[in-house]
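For reference, the structure is listed below as structure tokens.
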Amino acid sequence: MEIKNICCIGAGYVGGPTMAVIALKCPDIKVTVVDLNDERIALWNGPLENLPIYEPGLAEVVAESRGRNLFFSTKVDEAIEKAEMIFMAVNTPTKTRGEGAGMAADLRHVEACAKNIAKVAKTDKIVIEKSTLPVRTAEKIKEILDKEGNGVHFEILSNPEFLAEGTAIQDLFKSDRVLIGGDKTEKGQKAVQSLVNIYANWIPKEKILTTNVWSSELAKLASNAMLAQRISSINSLSALCEKTGADINELSKAIGLDHRIGPKFLKASVGFGGSCFHKDILNLVYLCHHYGLDEVAEYWHQVIKLNYFQKNRFAQKIINGLGGEVQGKKITILGWAFKANTNDSRESPAIQVSLKLLEKGSFLKIFDPMVKKNQIKIDLKEAFEKLGKDEEELQLIFKNLEITHSIDRAIHETDAIAILTEWDIFKKYNWKSIPNPNIKIFDGRNIIDQSFYSIGHP
């Protein structure tokens with residue numbers, strides 16, 4: 001069937017950029033992104049410099065299509081009713097309660113979304129899983145739609161996103177591959193072809209891979225697990241390098257020149273962040289336990305454990321570098337986003353490092369060019385609450401916190417600097433201009449010249 005009207009439920013990191021690019025490349029298709037969050041939708045409809053998501057190139061894409069064939073709305077039911085194809089791009093955080101708590105994906109939003117589609121839809125729909133979901137979630141969605149629907153036919157497709165925050169727009173323009181999973185029935189294959197036809201407007205057909213639903217669902221978890229494994233592997237070797245006198249940068253280069261391995265994701269750092277790696281690996285661990293593959297589960301769980309080890313090791317390096325005591329000392333944190341070119345701070349290494357330093361009584365001065373002051377406070381508040389801190393304790397801790405608006409302000413009258421995000425602004429900063437040459441610099445991203453000052457590596 002020819003698709004003329006698309007609805008995407010969820011205006012977050014996946015739904016917003018993906019739909020903006022589809023609208024740009026398919027001007028004959030009306031694309032409506034819906035969300036129950038009034039404030040988020042208002043930002044999508046507001047000034048381009050204030051979009052809720054920071055991605056290089058996103059504002060330009062939105063500017064070209066918004067108001068023409070790209071719309072952002074809170075009228076969820078209306079958009080569902082009019083659409084032939086519905087993308088589900090809602091949040092799937094890790095469960096905090098019940099069976100699988102701490103590992104399994106929380107599917108409450110997905111299930112609520114499916115129930116609403118079932119209630120509203122009066123004509124046949126193609127429903128697409130865009131969120132990262134556990135294997136066989138499509139089965140559950142189909143069950144909800146068929147049980148609670150109005151007798152219309154639903155086809156469920158899996159179309160996982162493979163976007164890297166900071167390069168999402170380029171990833172969408174020039175995808176390594178587009179994966180589409182669907183049923184092998186006649187109707188299932190027609191639905192698959194409908195989505196293939198959309199992507200084929202700009203993606204070469206040889207890069208559009210069609211599979212069954214289950215393979216598609218598992219592919220995203222597996223890809224993220226393999227990438228995170230490389231990061232944890234090189235970070236584990238960075239600890240060994242410190243003990244033996246080897247240089248981790250030299251080691252990474254030597255390993256990366258092996259054509260069987262390649263250089264990507266071999267840069268030692270303070271650890272990986274973001275929602276996807278952490279969440280997807282835990283999901284994979286839970287899935288393995290569920291099917292009785294305990295040894296496989298423990299293998300992948302070690303990737304997460306090593307990531308925590310690396311973050312804590314870096315925080316301890318700062319403490320040791322300042323004589324083993326940071327009580328009352330001023331420490332500058334440069335970078336709060338989990339990586340450069342995004343304002344996403346979920347699972348950012350900066351949170352865990354800051355947590356430990358604040359617990360030890362240090363005074364933190366924090367600067368990030370894109371993460372807002374309020375978000376930094378929310379991240380720290382949530383982290384401390386997980387440790388059982390009450391409101392009174394939090395207020396005392398936050399007295400030792402200053403969130404600044406510039407690098408110069410952040411490094412003024414400080415005892416140490418910790419670089420935790422690889423922003424270009426930090427790479428290009430004139431580190432020779434620091435007035436106090438005795439300030440210790442702990443470069444968690446290995447981005448500045450080692451010859452300037454005493455620098456601690458990951």
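The values are calculated or read from the model by the stated rules, or taken from the named source; none is laboratory data. Bear in mind the structure is a predicted one, so any value in this text is a computation, not a measurement. Backbone-built Cβ (ideal geometry, glycine too); neighbour counts: all protein chains shown.
Summary of values
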{"item": "Check on residue 165, within 30 Å of residue 339 (Cα to Cα) and in contact with an Asp or Glu (Cβ under 9 Å, 6 or more places away or on another chain)", "result": "yes"}
{"item": "Filtered residues of region 374-429 (kept if over 23 Å from residue 346 (Cβ atoms), assigned to a loop (DSSP other than H, G, I, E, B) and touching a Gly at 6+ places or on another chain (Cβ under 8 Å))", "result": "400"}
{"item": "Odd one out for residue 370 among (1) surrounded by fewer than 17 Cβ atoms within 10 Å (Cβ to Cβ); (2) in contact with a Phe, Trp or Tyr (Cβ under 7 Å, 6 or more places away or on another chain)", "result": "(1)"}
{"item": "Residue check for residue 6: part of a helix (DSSP H, G or I) and either over 24 Å from residue 374 (Cβ atoms) or assigned by TED's automatic domain parsing to the domain that holds residue 300 (or both)", "result": "no"}
{"item": "Close pairs from region 168-179: first of a type in the set (Lys, Arg), partner surrounded by 21 or more Cβ atoms within 10 Å (Cβ to Cβ), Cβ under 8 Å, at least 6 apart", "result": "none"}
{"item": "Residue among 105, 83 that is among the small types (Gly, Ala, Ser) and at pLDDT below 85", "result": "105"}
{"item": "Region 311-350, residues that are assigned to a helix (DSSP H, G or I) and surrounded by fewer than 22 Cβ atoms within 10 Å (Cβ to Cβ)", "result": "312, 313, 316, 317, 319, 320, 321"}
{"item": "Matching residues, region 204-213, being within 16 Å of residue 181 (Cβ to Cβ) and out of contact with any Phe, Trp or Tyr (no Cβ under 7 Å at 6 or more places or on another chain)", "result": "207, 209, 210, 211, 212, 213"}
{"item": "Residue within region 219-231 that is free of Cβ contacts under 8 Å to residues at least 24 places away in the same chain and under 26 Å from the mean Cα position of the chain (by Cα) present", "result": "yes"}
{"item": "Condition met for residue 183 (closer than 23 Å to residue 17 by Cβ and of a type in the set (Asp, Glu))", "result": "no"}
{"item": "Which listed residue, of 42, 59, is in contact with a Leu (Cβ under 9 Å, 6 or more places away or on another chain) and either part of a strand (DSSP E or B) or not charged (D, E, K, R) (or both)", "result": "59"}
{"item": "Selected residue (criterion: nearest to residue 193 (Cα to Cα)) from residues of region 34-83 that are buried (at least 18 other Cβ atoms within 10 Å of the Cβ) and among the acidic types (Asp, Glu)", "result": "35"}
{"item": "Count of residues meeting criterion [touching a helix residue (DSSP H, G or I) at 6+ places or on another chain (Cβ under 8 Å) and either polar (S, T, N, Q) or under 27 Å from residue 424 (Cα atoms) (or both)] in region 316-336", "result": "9"}
{"item": "In region 144-197, residue surrounded by the fewest Cβ atoms within 10 Å (Cβ to Cβ) [restricted to those that are more than 17 Å from residue 6 (Cα to Cα) and of a type in the set (Val, Ile, Thr)]", "result": "185"}
{"item": "Index of the failed condition, residue 202 passing every other in (1) out of contact with any Asp or Glu (no Cβ under 7 Å at 6 or more places or on another chain); (2) not assigned by TED's automatic domain parsing to the domain that holds residue 31", "result": "(2)"}
{"item": "Filter result for the condition that a residue is within 28 Å of residue 181 (Cβ to Cβ), outside the structural domain of residue 282 (by TED's automatic domain parsing), of a type in the set (A, V, I, L, M) and modelled with pLDDT of 95 or more, over 51, 58, 43", "result": "58"}
{"item": "Qualifying residue in region 426-436 (condition: modelled with pLDDT of 90 or more and either of a type in the set (A, V, I, L, M) or not assigned by TED's automatic domain parsing to the domain that holds residue 374 (or both))", "result": "no"}
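A quick yes/no check of all residues on (1) within 20 Å of residue 116 (Cα to Cα); (2) touching a residue at least 24 places away in the same chain (Cβ under 8 Å); (3) of a type in the set (A, V, I, L, M, F, W, C); (4) touching a Pro at 6+ places or on another chain (Cβ under 8 Å):
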| site | (1), (2), (3), (4) |
| --- | --- |
| 56 | no, yes, no, no |
| 70 | no, yes, yes, no |
| 76 | yes, yes, yes, no |
| 95 | no, no, no, no |
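Here is a yes/no grid of residues against (1) over 18 Å from residue 138 (Cα atoms); (2) outside any strand (DSSP E or B):
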residue: 171; (1), (2): yes, yes
residue: 210; (1), (2): no, no
residue: 216; (1), (2): no, yes
residue: 223; (1), (2): yes, yes
